[in-house]
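Contents: one structure, followed by commentary.
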Amino acid sequence: MAEKGAKRKSGKKGEAVPLAELLRVTAGRPVDLSSYDAAATPGGPADKAAGLKDTARMGEHLADLQERLWAASTAGDGRRLLLVLQGMDTSGKGGTVKHVIGPFNPSGCRIRAFKAPTPEEQKHDFLWRIKRALPHPGEIGIFDRSHYEDVLIARVRELAPHREINDRYTQINRFEKSLTDDGVTVVKCFLHISYGQQKRRLLERLDNPDKHWKFNPGDIAERALWPAYQHAYEIALDRCSTPDAPWHLIPADRKWYRNWAISRLLLEHLTALDPQYPKADFDVEACRERLLGSD
């Protein structure tokens, strides 16, 4: 991904480079989050008004593609899509689910917000609960946090031995490769928010009684660990951005751009899948004549 808010480049014959390519974290290249502008709008519309309008327009296309994906599964198409959302508190994981997934039919979505492991989940390896929440054929799965928590907070809070955490990166890459081999399109988005913007959003929660339920006093203590979390994310982005399941770095200080960018990424991936409505496995004309001839 180009740094410090790069503009969208042109490809062959003046065509715009796909946003997935523009925001993709290059595999094997060390990541320095301080070099990325969290308020940038790479490849985006000219302003907020244009972004909101384009996001709404994309919603119609996304709904159509989701229906086609679901319909194709009824004829044996095993493909599905998994959207992984990671980011610091207030980066907008929940907001993304609300605004970007809104146009989708809920019956074709599988949404899971991963919190601290339950006693039952702690009895198993860290991928156990993830595998149980994966989308089925034809579905779009959305993870609000994910298996990456086990190399993020686990690293910062030293919840597991250092060697074990290092081994998890390889396990994650193998796991995600197995998903893509099985027909899962994995779209991983890191919502990159700045330290100052996070403070402003936390203050907004404190200043609005209707948002007190979203505030956790522990968030203040977590802010003290900001450098450690940034480093943990840099390692995860570096070691787990693979050709099969690359990371996309989404500047998230501007909510409208965050929603636009993730909508665009989903549109690009679903369009590439190009799911088709299955052909009827019955005599359409015969059924039509029977129906017309009925009372």
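Observations on the structure shown:
- Residues satisfying the stated conditions in segment 217-273, i.e. free of Cβ contacts under 8 Å to residues at least 12 places away in the same chain and of a type outside the set (A, V, I, L, M): PRO217, GLY218, PRO227, HIS231
- Residue match in segment 100-119 (condition: over 23 Å from ASP167 (Cβ atoms), open to solvent by less than 50 Å² (accessible area, probe 1.4 Å) and of a type in the set (Val, Ile, Thr)): yes
- Residue within segment 117-125 that is in contact with a Ser or Thr (Cβ under 6 Å, 6 or more places away or on another chain) and part of a loop (DSSP other than H, G, I, E, B) present: no
- Number of positions in segment 137-159 that are part of a loop (DSSP other than H, G, I, E, B), open to solvent by 20 Å² or more (accessible area, probe 1.4 Å) and farther than 20 Å from GLY78 by Cβ: 4
- Counting only helices (runs of 4 or more DSSP H) wholly contained in segment 1-103, the ones carrying 2 or more residues that are within 21 Å of the chain's Cα centre (by Cα), under 24 Å from LYS131 (Cα atoms) and modelled with pLDDT of 95 or more occupy 48-73.
- Test for ILE140: is it modelled with pLDDT of 95 or more, hydrophobic (A, V, I, L, M, F, W, C) and out of contact with any strand residue (DSSP E or B) (no Cβ under 6 Å at 6 or more places or on another chain): no
- Contact map, segment 183-205: first residue over 17 Å from PRO251 (Cβ atoms), second residue modelled with pLDDT of 95 or more and of a type in the set (D, E, K, R), Cβ cut-off under 8 Å, separation 6 or more or different chains; pairs are GLY183/ARG79; GLY183/ARG80; VAL184/ARG79; VAL184/ARG80; THR185/ARG79; THR185/ARG80; VAL186/GLU176.
- Hey, SER107 over 17 Å from the mean Cα position of the chain (by Cα) and not acidic (Asp, Glu) or not: yes
- For segment 215-239, the tally of residues that are part of a helix (DSSP H, G or I) and at pLDDT below 95 stands at 6.
- So ASP253, is it part of a loop (DSSP other than H, G, I, E, B), modelled with pLDDT of 95 or more, of a type in the set (Asp, Glu) and on the phi < 0 side of the Ramachandran plot: yes
- Picking from residues in segment 257-295 that are among the hydroxyl-bearing types (Ser, Thr, Tyr) and not in a loop (DSSP other than H, G, I, E, B), the one that is nearest to VAL84 (Cα to Cα) is SER263.
- Hits in segment 183-235 - residues which are among the β-branched types (Val, Ile, Thr) and either open to solvent by 40 Å² or more (accessible area, probe 1.4 Å) or in contact with a Gly (Cβ under 6 Å, 6 or more places away or on another chain) (or both): ILE220
The values are calculated or read from the model by the stated rules, or taken from the named source; none is laboratory data. What you see is a predicted model; the values in this text were computed from it and never measured. Because the Cβ atoms are built from the backbone with ideal geometry, glycine has one as well, and the counts that use them run over all protein chains shown. Accessible surface areas use protein heavy atoms only, side chains included; no ligands, DNA or RNA. Shrake-Rupley method; radii C 1.70, N 1.55, O 1.52, S 1.80 Å.
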